[in-house]
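*Asks:* Have a look at this one.
Readers should treat all values here as calculations from the given coordinates under stated rules, not as data from a laboratory. Here the structure is a predicted model, which means the values were calculated and not measured. Don't worry about glycine lacking a Cβ; one is built from the backbone with ideal geometry, like all the others, and counts go over all protein chains shown.
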Amino acid sequence: MTSSFSNLSLAEPLARAVAEMGYESMTPIQEQAIPVVLTGQDVMGAAQTGTGKTAAFSLPLLQRLLKHESSSTSPARHPVRALVLLPTRELADQVAQQIALYAKYTKLRSTVVFGGMDMKPQTLELKKGVEILVATPGRLLDHIEAKNAVLNQVEYVVLDEADRMLDIGFLPDLQRILSYLPKQRTTLLFSATFSPEIKRLAGSYLQNPVTIEVARPNETASTVEQHFYSAGDDDKRRAIHQVLKSRGIKQAFIFVNSKLGCARLARSLEREGLKTTALHGDKSQDERLKALDAFKNGDVDLLVCTDVAARGLDIKDVPAVFNFDVPFNAEDYVHRIGRTGRAGASGLAVTLVSGSDARLVADIEKLLKTRIEIEAIEYDSERPQGRFNDGRRVWHEAEERASAPRAGHGERAGRSRGGFRPAPVSRDPFFDKPYEASAQAPAPGWEAAARPVRSSTSPNIKPRRKVAALFKAPAAPEPVREN
Ligand code: AMP
């Protein structure tokens, strides 16, 4: 049974902001964490993204900082009192936006600093003085070294998405940052999972923390309908088209395991008539924010992303998440599908499983303690002739046989386990470059195109010379086609 925010006796400016956000009752992490943080104790919280944990730590923190409110314009009256550290720029930006909303009726100031942006505007904000500083570790260290950020009056530190910060390799940066802070402080650590590394981090920096575990670590939201469909690498895009169409889904996240695969898949889907953009680490900060806005505004229907780029994205009501690639790390499965079915809404998570993914699926089974059934997809149309993959190349078995040199079996040694020899890879320089935006007009919605269309592209995708046929066999036999 969840309780109302009114039970908390939040100060009027905070209660007003919460009411304005339309929150009716507290989420489980809020119910448990807010009273503890209000007492000033350290917290070790296990909560998956989308559980409302930002409000869970920021509301009580703001409440405790209200005593420092000052209308003075002097920077000296606005030292940093609370530091919130996050692993990615997007996450830092979103948390900062949420904190600014909760603090909007107070005199407390907040700002955010992250890499990939000019330091000057951030420096100006810092120099004016802020009570709440949201930051990614690397950029914060830059500001500390430049003496733009002074942290000797910090009373609260939040290590959010701590497991991801360690995954990214931020431990040395975190250790340095924490060494600049007063020993006497409250430390709040939030992590999707409590791995041994996280426990070690907590052991070093938290004092008698209260452990809060709202959902068992690695538990997936019950509101997410999960399917694992068998789909060879060449069938995965077709599977996406089929699921979107048969379920009438408008928007989805599509997760891939690599930056290269991300740009490539976005481009292929775009060519097939789906309004798609890519979000990965090689994109500039400006491009990332634009991609995110385009998705939020509905200008883009599909957001193809890597795990690091997507972690913690606060986009609500995403009807579906596709795992185009089964994640290498089973815990990322939980994070990925946490993008859908948030805050009680129902969601669909579709994982496309190819023959070589058995071990990764077994890892997910182990983590979720559930048996996973691999289902077959029913396609509306017959499978097209030939082999189609993610846009790099197309290889046709019959044609390969016809064009193969007449040789003994010894010359087939290069074939893969499945008995097929992959087509030679001719690299397309496009895939060696960071993703580029173009100024094209937005494409019509994918809904209008049951079959792939080639005529329009979104502003995020450059037109290409050659286009692959997805549902149609090529007219002329070409053993290898570069796409
Ligand atoms: P978070 O897990 O902090 O990223 O929050 C996920 C989303 O849930 C954000 O968009 C919040 O605005 C929203 N949210 C947070 N608390 C509540 C609440 N008590 N009721 C409804 N929505 C909430």
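*Asks:* In what sequence, highest mean first, do 189-197, 33-41 appear when ranked by Cβ atoms within 10 angstrom?
*Replies:* Sorting 189-197, 33-41 by mean packing, highest first, produces 189-197, 33-41.
*Asks:* Hey, another quick one. Quote the convex hull volume per residue of segment 122-179, based on C-alpha atoms, as a whole number of Å³.
*Replies:* Given the Cα convex hull of segment 122-179, per-residue volume reads 83 Å³.
*Asks:* Let me ask something else. Quick one, can you get me the convex hull of the C-alpha atoms of segment 242-364 expressed as volume per residue in Å³?
*Replies:* Measuring per residue, one finds 108 Å³ for the Cα hull of segment 242-364.
*Asks:* Using the Cα centre as the reference, give the magnitude of the dipole from point charges on the C-beta atoms of segment 55-168 (Lys, Arg: +1; Asp, Glu: -1; all else neutral), rounded to the nearest 20 debye.
*Replies:* 600
*Asks:* Oh, and also: Please report His227, His78, His280 as a ranked list, fewest other C-beta atoms within 10 angstrom at the top and most at the bottom.
*Replies:* So the ranking, lowest neighbour count to highest, is His227, His78, His280.
*Asks:* Go through segment 98-106 residue by residue and turn each phi into a ³J(HN,Hα) via Karplus (6.51, -1.76, 1.60, θ = phi - 60°); whole Hz please, and just put x for glycine and proline.
*Replies:* 5, 4, 4, 5, 5, 8, 4, 9, 9
*Asks:* Per the Kirkwood treatment, what hydrodynamic radius in Å, one decimal, follows for segment 82-216 from the mean inverse distance over all distinct Cα pairs?
*Replies:* Over segment 82-216, the inverse of the mean reciprocal pair distance is 15.3 Å.
*Asks:* Applying 1/(1 + (r/R0)^6) with R0 = 22 Å to the Cβ-Cβ distance of Asp282 and Asn329, what FRET efficiency is obtained, to the nearest 0.05?
*Replies:* About 0.60, to the nearest 0.05.
*Asks:* Treat each spin label as a single point 7 Å out from the Cα along the C-beta direction, and report the Lys369 to Leu171 distance in nm.
*Replies:* Each label point is offset 7 Å from its Cα along the Cβ direction, giving 2.8 nm.
*Asks:* Something else: Once segment 251-305 is represented by equal point scatterers at the alpha-carbon sites, with solvent omitted, what log10 I(q)/I(0) does the Debye formula produce at q = 0.20, 0.22, 0.25 Å⁻¹?
*Replies:* The calculated log intensity ratios at q = 0.20, 0.22, 0.25 Å⁻¹ are -0.61, -0.75, -0.96.
*Asks:* Counting only residues 5 or more places away or on other chains, whose amide H sits under 5 Å from the amide H of Ala349 once H atoms are built in the peptide plane?
*Replies:* For Ala349, the qualifying residues are Glu225, Gln226, His227, Val321.
*Asks:* What percentages make up the Cα-Cα pair-distance distribution of segment 1-99 when the bins are 5 Å wide from 0?
*Replies:* Reading upward from the zero bin: 2, 11, 22, 24, 21, 13, 5, 2, 0, 0.
*Asks:* With Cβ to Cβ distances under 15 Å as the rule, what net charge do the other residues near Ser74 carry (K, R +1; D, E -1)?
*Replies:* Surrounding charge for Ser74 is +3.
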